[in-house]
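Everything on this sheet refers to the single structure shown next.
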Amino acid sequence: MDRLSAMRMFVAVAKLGSFTEAARRLQLSPSVVTRSIAQLEDQLGLTLLLRTTRSLRLTERGKLYLESCQQILQDVDSAERQVRGEDAEPRGALKVAAPTMFGRLHVLPIVNRVLRDHRDVTVELTLSDRNVHLVEEGVDVAVRIGELADSSLIAVKLGVVSRVVVASPAYLRERGVPKSPAGLAKYDIVAFEGLGVTDEWRFQGGGKPVRLEPRLTVNSLDASIAAAEAGISVSRLQNNAIRSS
């Protein structure tokens, strides 16, 4: 029998005055709680609880044992919180990586808050549109956009970023507005490697992907935006990266 678990059951029963209520709070069956406390009493060679059909109360030895159990459980919980750092003020160096534009818009404000609230924390924020190698480059946490490749790293999905096709008003006045995704094949395209190196653009609605041949390929989201703003081409961007004019 797990002695700590049995102690927790005993404390719950003693405080609530009911095996059934203690079992409900601990999300266990009443039979498990009853059996565990009976085994605990057998191991101690003592009666901790006096039971009748209408009441339940602690013996004198049970009262002493309850105080000891509560202190032991508090010490165990405190030790676990301490080793997990839950009660400690954050301190130390943190290395973070994120895509350039997304990092400036969304990650940097969070980093600023962390630095403002925790004086003993230092952060090295690397903004790059390439996928950094976390282990080789000593990165603690990275924000990435796109399909997650097979990896042994721990990943948590934070949200969804949609993509939009953009062009400058001047370019559209000169070339016209495409009527469908397939019509993009007649336009000059700038491709951003950070969104995946592929000649196929996929659109919502389940239609066939459109195969395009970029006239310009860049490895910077800023460059892709600048090319579209200059009226050179049509670009595909993350919707959070569009600059307001």
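Data table
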{"quantity": "Coordinate range along principal axes, alpha carbons of segment 163-241, Å, largest first", "calculated": "30, 28, 23"}
{"quantity": "Percent of alpha-carbon pairs separated by more than 16 Å within segment 126-195", "calculated": "64 percent"}
{"quantity": "Amide hydrogen neighbours beyond the local backbone of Ala191, cut-off 5 Å, H modeled", "calculated": "Leu216, Thr217, Val218"}
{"quantity": "Share of Cα-Cα pairs in segment 14-155 lying beyond 19 Å, as whole percent", "calculated": "70 percent"}
{"quantity": "Degrees between helix 60-84 axis and first principal axis of the chain (Cα, 0 to 90, nearest 10)", "calculated": "20 degrees"}
{"quantity": "Sum of -39500 (n - 2.57) over DSSP H runs of 4+, divided by residues of the chain (222 nm, nearest 500)", "calculated": "-11500 deg cm²/dmol"}
{"quantity": "Sequence of Ser220, Ser78 once ranked by neighbouring C-beta atoms within 10 Å, starting from the fewest", "calculated": "Ser78, Ser220"}
{"quantity": "Pairs of Lys in the chain closer than 26 Å at Cα, counting only those 8 or more apart or on different chains", "calculated": "4"}
{"quantity": "Burial ordering of Asp77, Asp188, fewest other beta-carbon atoms within 10 Å first", "calculated": "Asp77, Asp188"}
{"quantity": "Percent breakdown of C-alpha pair distances by 10 Å bin, ordered from the shortest bin, for segment 3-84", "calculated": "18, 51, 26, 5, 0"}
{"quantity": "Percent of beta bridges antiparallel (DSSP, the chain, rounded to nearest 5)", "calculated": "40 percent"}
{"quantity": "Given (i) 22.0; (ii) 13.1; (iii) 14.7, the label whose value is mean projected area of the Cα convex hull in nm² derived from this model", "calculated": "(i)"}
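Read the figures in this text as sums done on the coordinates, not as results from a lab. From a predicted model like this one, the values you see are computed outputs, not experimental measurements. Cβ: placed from backbone, ideal geometry, glycine included. Neighbour counts: every protein chain shown.
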